[in-house]
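Enquirer: My structure is below; once you've seen it, I'll send some questions.
Here, each number is a calculation from the coordinates, and none is a lab measurement. If you're wondering where the values come from, they're calculated on a predicted model, not measured in any experiment. Cβ atoms come from the backbone with ideal geometry, glycine included; neighbour counts cover every protein chain shown.
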Amino acid sequence: MDKFQAENQQRWNELAEVHYTSASSDYGVDDFLNGPERKRDLHKTELEELGSVKGLDILHLQCHFGMDTLLLARMGAKSVTGLDFSPVAIRQARELADRAGIAAAFIEGNVYDAPDLIHGTYDLVYVSWGTICWLPDIDAWARVVAHFVKPGGRFYFLDQHPVTLSFDDYAPAPHAPVYDYFHKPEPIAFNQADSYADEKAVLKTKRSYEWTHPVGEVVTALIDAGLKIEYLHEFDTVAWKALAFMEPCEGGLYRLPEGMPRLPLSYSISARKPL
Ligand SMILES: C[S@@+](CC[C@H](N)C(=O)[O-])C[C@H]1O[C@@H](n2cnc3c(N)ncnc32)[C@H](O)[C@@H]1O
């Protein structure tokens, strides 16, 4: 693991702690646990696109503390396995599964090492919201994803659109791009004390590093890894307040204020491994 990912891992350990325990965290662990009526669900975008997951074996890469992994189990998956490189997040994921009474496997490891850590293939490989910006090499990532999809199985990906990464998160509207849209080997360095899911958080590890992966490079990497793209959809919504002046809208999502030109804020890809 390079020094940038190692620093990111330190920050993710702290973020996991805050997201799992803080009352002001948008993750809402209490709502998740307070059944039987689900108060916490996946976002509208993936709920509308995923279709039924009943009876599927699912691998969730970069699962954080596993809440979405467990929501997939609640939606009827036959088995769910989550992987994340934060030991804190994985410990919490196992605890959350126990507290919720849901069977799930959680594996600690870097996504690039996943083929050495997890055996078998899956009906659905699932990756969503805030993932590939933490990864330096999109071709190697696509090979990992394709490795785990069963022949005839599906890969579903949903994340922020790289256009949003061109802007300063904290700048007031109207906004202008400050970072390149295109990929560079050197990551962009950020210093942030708070969290995307908790504006009140004050983290010790402020530094983090992100890589931009243009949509064309992501799609091409998946094709080169042997997957067949079923669709690529772009949305004017995203799952967190990615820019300071965004406004909440339905389905747990955020959008640009009314009257502002609409930009792509997230995108999804559905792909299959040929039989
Ligand atoms: C924003 S979360 C995404 C998960 C999910 N959408 C959520 O919000 O719960 C990003 C996760 O990626 C993990 N991560 C970052 N880089 C990673 C890597 N190289 N290998 C495995 N996990 C990584 C972090 O630990 C973090 O839990």
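Enquirer: Using unit Cβ charges (K, R positive; D, E negative) and no other charged atoms, how large, in debye to the nearest 20, is the dipole of the chain about its Cα centre?
Expert: 580
Enquirer: For the range 110-183, run through the chymotrypsin sites (Phe, Trp or Tyr not before Pro) and keep only the ones in DSSP coil with at most 16 other Cβ atoms within 10 Å of their Cβ.
Expert: Details: sites: Tyr112, Tyr122, Tyr126, Trp129, Trp134, Trp141, Phe148, Phe155, Tyr156, Phe157, Phe167, Tyr170, Tyr179, Tyr181, Phe182; in loops: Trp129, Phe167, Tyr170, Tyr179, Tyr181, Phe182.
Sparse-neighbourhood loop chymotrypsin sites (Phe, Trp or Tyr not before Pro): Tyr170, Tyr179, Tyr181, Phe182.
Enquirer: List residues of the range 166-184, by number, whose backbone nitrogen lies under 20 Å from a label position 7 Å along Cα→C-beta of Lys206.
Expert: 168-172
Enquirer: May I ask you to derive the relative contact order of the range 1-122, considering only C-alpha pairs under 8 Å and at least 6 residues apart, and to give it as an integer percent? Intermediate values should be presented prior to the final figure.
Expert: Values: 174 pairs, mean separation 27.6, N = 122.
Relative contact order here is 23 percent.
Enquirer: Let me ask you something else. Please tell me the relative contact order of the range 126-275 in percent, rounded to the nearest whole number, where contacts are Cα pairs under 8 Å and at least six residues apart.
Expert: Worked out over the range 126-275, it gives 33 percent.
Enquirer: Here's something else I'd like to know. Between Leu263 and Glu199, what is the label-point separation in nm under the 7 Å Cα-to-beta-carbon projection?
Expert: 2.0
Enquirer: Shifting gears a bit: Would you work out which of Ala146, Pro214, Tyr112 lies farthest towards the positive end of the dipole of the chain, given +1 charges on the beta-carbon of Lys and Arg and -1 on that of Asp and Glu, about the Cα centre?
Expert: The Cα lying farthest towards the positive end belongs to Ala146.
Enquirer: Here's another thing I want to ask about it. So what's the back-of-envelope 222 nm ellipticity for the chain, counting only DSSP H runs of four-plus at -39500 (n - 2.57) apiece and dividing by all residues, rounded to 500? All intermediate terms of the calculation are to be shown ahead of the outcome.
Expert: Working: 8 runs with 78 residues, N = 275.
Estimated from H runs of four or more residues: -8500 deg cm²/dmol.
Enquirer: Another question, then. Would you mind checking Lys78/Lys273; Lys44/Lys241; Lys184/Lys241; Lys3/Lys44; Lys241/Lys273 for any pair whose Cα atoms are more than 27 angstrom apart?
Expert: Lys3/Lys44; Lys241/Lys273
Enquirer: Starting from the range 52-127, pick out the trypsin sites (Lys or Arg not before Pro) whose DSSP state is loop and whose Cβ has at most 10 other Cβ atoms within 10 Å.
Expert: Lys54
Enquirer: List the residues whose amide H sits under 5 Å from the amide H of Gly130, counting only those 5 or more places along or on another chain, with H placed 1.01 Å from N in the peptide plane.
Expert: Correct list: Gln160.
Enquirer: Also, quick follow-up: Please rank Met260, Met75, Met246, fewest neighbouring Cβ atoms within 10 Å first, as an exposure proxy.
Expert: Fewest-to-most ranking of Met260, Met75, Met246: Met260, Met75, Met246.
Enquirer: Continuing with this model, one more query. Could you tell me the distance between the Cα centroids of the range 149-178 and the range 218-266, to the nearest Å?
Expert: Centre-to-centre distance over Cα atoms comes out at 6 Å.
Enquirer: So for Cys133, Cys249, Cys63, fewest C-beta neighbours within 10 Å to most, what's the order?
Expert: By the 10 Å Cβ count, ascending, the order reads Cys249, Cys133, Cys63.
Enquirer: When all alpha-carbon pairs of the range 69-130 are counted, what percent fall beyond 18 Å?
Expert: 34
Enquirer: What list do you get for Val238, Val163 if you sort them by fewest beta carbons within 10 Å? Walk me through the numbers before you get to the answer.
Expert: Details: Val238 26, Val163 18.
In increasing order of surrounding Cβ atoms, one gets Val163, Val238.
Enquirer: How many Å³ per residue does the convex hull of the Cα positions in the range 140-213 occupy?
Expert: For the range 140-213, the hull spanned by Cα atoms encloses 143 Å³ per residue.
Enquirer: Within the chain, which complete DSSP H helices have Cα atoms spanning at least 24 Å along the helix axis and a mean Kyte-Doolittle hydropathy of 0.5 or higher?
Expert: What comes out of the filter, once short or polar helices are dropped, is none.
Enquirer: Kirkwood hydrodynamic radius for the range 50-154: how many Å is it when counted over pairs of different Cα atoms?
Expert: Value: 13.7 Å, from the Cα pair sum.
Enquirer: Additional query: Please work out the Kirkwood hydrodynamic radius for the chain, using every pair of different C-alpha atoms, and report it in angstroms with one decimal place.
Expert: In the chain this quantity evaluates to 19.0 Å.
Enquirer: To check you understand DSSP bridge types, tell me what percent of the beta bridges within the range 3-272 (both residues inside) are antiparallel, rounded to 5.
Expert: Details: 24 of 42 bridges.
So the antiparallel bridges in the range 3-272 amount to around 55 percent.
Enquirer: Turning to a different aspect of this structure: Take every Cα pair under 8 Å in the chain that's 6+ residues apart, average their separations, divide by the length, and report that relative contact order as a whole percent.
Expert: 19
Enquirer: Stretch Asp224-Ala173 to full length: gain in nm at 0.36 nm per residue minus the Cα-Cα span? Provide the component values of the computation, followed by the final result.
Expert: Values: separation 51, 0.36 × 51 = 18.36 nm, distance 3.87 nm.
The Asp224-Ala173 span can extend by a further 14.5 nm.
Enquirer: With just the Cα atoms of the range 55-99, tell me how far they stretch along each of the three principal axes, in Å, largest first.
Expert: 29, 21, 11
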